[in-house]
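S.K.: I am attaching a structure below and will ask some questions about it afterwards.
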Amino acid sequence: AIERLVVSNHLSLSADEPEELEAQERDVPADFGVLRDAASFAASAHFVAEAGGEVVASAGVARAEGGEAGEWRLCSVSTAPSHRRRGLARACCAAALEEARAAGAAAVTLSTLEERMLAACRLYESLGFALERREAARSLPRPMTVLWYRKEVGAAGPGESVAEEE
């Protein structure tokens, strides 16, 4: 259910551009390995919001492969279009960040697309993620810039929370 939500939302970003959609479809196995590989999924933690028996929002965390020691990756952040702007992704992300912190993560990283996911970028920044770098992935058929974010999540001190509310 999480994979269906995340992949369909991902592909919908390119539905109006056939060449881009084709490239996105080719990228799905690499972009969503945590969801598609049983061992990777079992080693991750995912949090969901449901409505009417359907998963309508999700966020997960997994240890980053090939990353720094103590680095985890935020993944599978998605919300069904009909349930956006209700705080569901924020709640799922906050639970995922707390899970990573409790498991000993020093930092959580993520990547997203600048041009197509501005609301997601605002969410990540409001959760305390800082932009580390940006890279132009391509310019045609339309620009696509990948953004990499990082949040230090080491053990919270007394009275601190991992994800601050606005």
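S.K.: If you take the beta carbon distance between E115 and A38 as r and set R0 to 22 Å, what does 1/(1 + (r/R0)^6) give as a FRET efficiency, to the nearest 0.05?
M.R.: For R0 = 22 Å, the calculated efficiency reads 0.10.
S.K.: Same structure again: Consider a paramagnetic label point 7 Å from the Cα of A15 along Cα→Cβ; state which residues of segment 60-98 have an amide N under 13 Å from it.
M.R.: 80-82
S.K.: What distance in nm separates the two pseudo spin-label positions at L131 and A103, each 7 Å out from Cα along the beta-carbon direction?
M.R.: 2.9 nm
S.K.: Then there's this: Kindly identify segment 21-155 as rounded, prolate or oblate by the Cα gyration tensor criterion: order the square roots of the eigenvalues as a ≥ b ≥ c, call it rounded if a/c is under 1.5, otherwise compare a/b with b/c, prolate if a/b is larger, else oblate.
M.R.: rounded
S.K.: Output the 0 to 90 degree angle, nearest 10, between the alpha-carbon long axis of helix 18-31 and the longest principal axis computed from the alpha carbons of the chain.
M.R.: The angle comes out near 30 degrees.
S.K.: Moving on. Provide the per-residue ³J(HN,Hα) series for segment 122-135, in order, calculated from phi with Karplus coefficients 6.51, -1.76, 1.60 and θ = phi - 60°, each as a whole number of Hz, with x at glycine and proline positions.
M.R.: 4, 4, 4, 5, 5, 8, x, 6, 10, 5, 9, 6, 9, 9
S.K.: In addition: On the protein heavy atoms, probe 1.4 angstrom, tell me the percent of accessible surface of the chain carried by carbon and sulfur.
M.R.: Working: 4520 of 9040 Å².
Here it works out to 50 percent.
S.K.: Given Cβ point charges of +1 (Lys, Arg) and -1 (Asp, Glu) and nothing else, what value in debye, to the nearest 20, does the dipole of segment 61-125 about its Cα centre take?
M.R.: Magnitude of the dipole: close to 420 debye.
S.K.: A further question on this structure: For A42, what is the net charge nearby, where nearby means another residue's Cβ is under 15 Å from its Cβ and Lys, Arg count +1, Asp, Glu -1?
M.R.: Local charge sum for A42: -2.
S.K.: Please give the charge dipole size of the chain, origin at the Cα centre, charges +1 on K and R Cβ atoms and -1 on D and E Cβ atoms. Round to the nearest 20 debye. Mind dumping the intermediate values first?
M.R.: Values: 18 positive and 27 negative charges, 37 e Å.
Around 180 debye, computed over the chain.
S.K.: Then there's this: Over segment 41-107, what is the relative contact order in percent, taking alpha-carbon pairs closer than 8 angstrom and at least six residues apart?
M.R.: Dividing the mean separation by the residue count of segment 41-107 yields 34 percent.
S.K.: What's the extension gain from R122 to A1 if we count 0.36 nm per residue and subtract their Cα-Cα distance?
M.R.: 41.0 nm
S.K.: As an exercise, use a Förster radius of 30 Å and the Cβ-Cβ distance of A23 and R84 to find the FRET efficiency, rounded to the nearest 0.05.
M.R.: The formula returns an efficiency of 0.75 here.
S.K.: Which angle from 0 to 90°, rounded to the nearest 10, does the C-alpha axis of helix 2-12 make with the longest principal axis of the chain?
M.R.: 40 degrees
S.K.: Which net charge results when you count Lys and Arg as +1 and Asp and Glu as -1 among the other residues whose beta-carbon is under 10 Å from that of T145?
M.R.: 0
S.K.: How much accessible area per residue does the chain have, in Å², with a 1.4 Å probe?
M.R.: Details: 9040 Å² over 166 residues.
Accessible area per residue: 54 Å².
S.K.: May I pose another question? Putting +1 on Lys and Arg Cβ atoms and -1 on Asp and Glu Cβ atoms, find which of A39, V7, V61 reaches farthest to the positive end of the dipole of the chain.
M.R.: V61
The values are calculated or read from the model by the stated rules, or taken from the named source; none is laboratory data. Values in this document were obtained by computation on a predicted structure and should not be read as measured data. Neighbour counts run over all protein chains shown; Cβ positions are idealised from the backbone, glycine included. These accessible areas exclude ligands, DNA and RNA; they are computed on the full protein's heavy atoms, side chains included. Shrake-Rupley method; radii C 1.70, N 1.55, O 1.52, S 1.80 Å.
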